[in-house]
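Here the structure is laid out as structure tokens; the discussion comes afterwards.
Please treat every number below as a calculation from the coordinates, not as lab data. Note that the coordinates shown come from a computational prediction; the quantities given were computed from them, not determined experimentally. Cβ coordinates were reconstructed from backbone atoms using ideal geometry, including for glycine residues, and neighbour counts include every protein chain displayed.
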């Protein structure tokens, strides 16, 4: 089955044929947990740094301060994954291109996710964060490999970059891809 994780949402998958995707991470952060032992993969598409202004209908995966614990608890409850077996990767959180940007959401999202992971005693591998490229993630439950497809982000008024060849489909062998091993 293919799971598509929307903005502020999450998915947990356990069938070896499952693929979990999220599209166009820019200032948002993609958080991926993988248990090699249980072959369970969880992904959150985190939109905002903190949950202080959370509405009653908001998902805990929407916020950088609540998503790490929420995703971990979902995996523990549904699949009995232990905290110690989680391999954790972070993606997205682009740097602001505007020197006058006082919000710096991407940077705040990353800092908050990292602090939340530390407070839970979780160690992460910062695989692909910052910069100025939008990222689409394609994660394979069978191996834990996370394919990252990057697209340059446009600045206001800039011409679109020339299109190159389409990215390769399917997972690269683990030795050729950053991510989980």
Would you mind computing, in nm to one decimal, how far apart the modelled labels at residue 58 and residue 142 are, each placed 7 Å from Cα along Cα→Cβ? 3.9 nm
Return 46, 7 ranked ascending by Cβ neighbour count within 10 Å, so the fewest neighbours appear first. 7, 46
Treat the count of other C-beta atoms within 10 Å as a stand-in for reagent exposure and order 74, 69 from fewest to most. 69, 74
Work out the FRET efficiency for residue 76 and residue 24 from their Cβ-Cβ distance, taking R0 = 25 Å, and round it to the nearest 0.05. 0.30
Which order do 71, 60 fall in if you start with the one that has the fewest other Cβ atoms within 10 Å? 60, 71
